[in-house]
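A short write-up of the structure that comes next.
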Amino acid sequence: MALKEKILAYVILVVSVGQEYKVLEEIKKLKEVKDVHVVYGEYDIIARVEVESIKTLEKVIKSIRSIKGVLRSITLISSI
């Protein structure tokens, strides 16, 4: 029996100026988000997401992108 691999994704966000910590607190509420940080430079937030399927990842990404203040996202997908 083959083991099912988890999907690991890093979600990198650009958010409205001054909204970084508000967005961070909303992202923390998602159970699939294992780690999230405000970063400095071209991007504002990076989140580590672990899910069982691409369909679940899509749902999580949609939830993150719907948070007020999120302007743009990039998702980097890997496997664990």
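Against the criterion of being farther than 24 Å from Ser79 by Cα and touching a strand residue (DSSP E or B) at 6+ places or on another chain (Cβ under 7 Å), Val11 does not qualify. Ile74 versus (1) without any contact (Cβ under 8 Å) to a residue 60 or more places away in the chain; (2) surrounded by 11 or more Cβ atoms within 10 Å (Cβ to Cβ): which is the lone unmet condition? Going through the list (1) without any contact (Cβ under 8 Å) to a residue 60 or more places away in the chain; (2) surrounded by 11 or more Cβ atoms within 10 Å (Cβ to Cβ), Ile74 breaks only (1). I need every pair where a residue in region 4-32 that is free of Cβ contacts under 8 Å to residues at least 24 places away in the same chain has its Cβ under 7 Å from the Cβ of a residue that is surrounded by fewer than 18 Cβ atoms within 10 Å (Cβ to Cβ) and not basic (Lys, Arg), sequence separation at least 6 or different chains. Every condition considered, the pairs that remain are Tyr21/Val38; Leu24/Val38.
Taken together, the residues in region 23-80 that are assigned to a loop (DSSP other than H, G, I, E, B) and either closer than 10 Å to Val11 by Cα or of a type outside the set (Gly, Ala, Ser) (or both) amount to 13.
Checking Glu50, Glu58 one by one, the residue that is within 13 Å of the chain's Cα centre (by Cα), touching a residue at least 40 places away in the same chain (Cβ under 8 Å) and surrounded by 12 or more Cβ atoms within 10 Å (Cβ to Cβ) is Glu50 and no other. Residues in region 1-47 that are exposed (fewer than 13 other Cβ atoms within 10 Å of the Cβ) and touching a Lys or Arg at 6+ places or on another chain (Cβ under 7 Å): Lys34, Asp35.
Any read-out appearing in this document is the output of simple, stated calculations on the displayed coordinates, not a laboratory observation. Computed from a prediction, not measured in an experiment: that's the story for all the values here. When we count neighbours, we look across all protein chains shown, and the Cβ atoms used for this are built from the backbone with ideal geometry, even at glycine.
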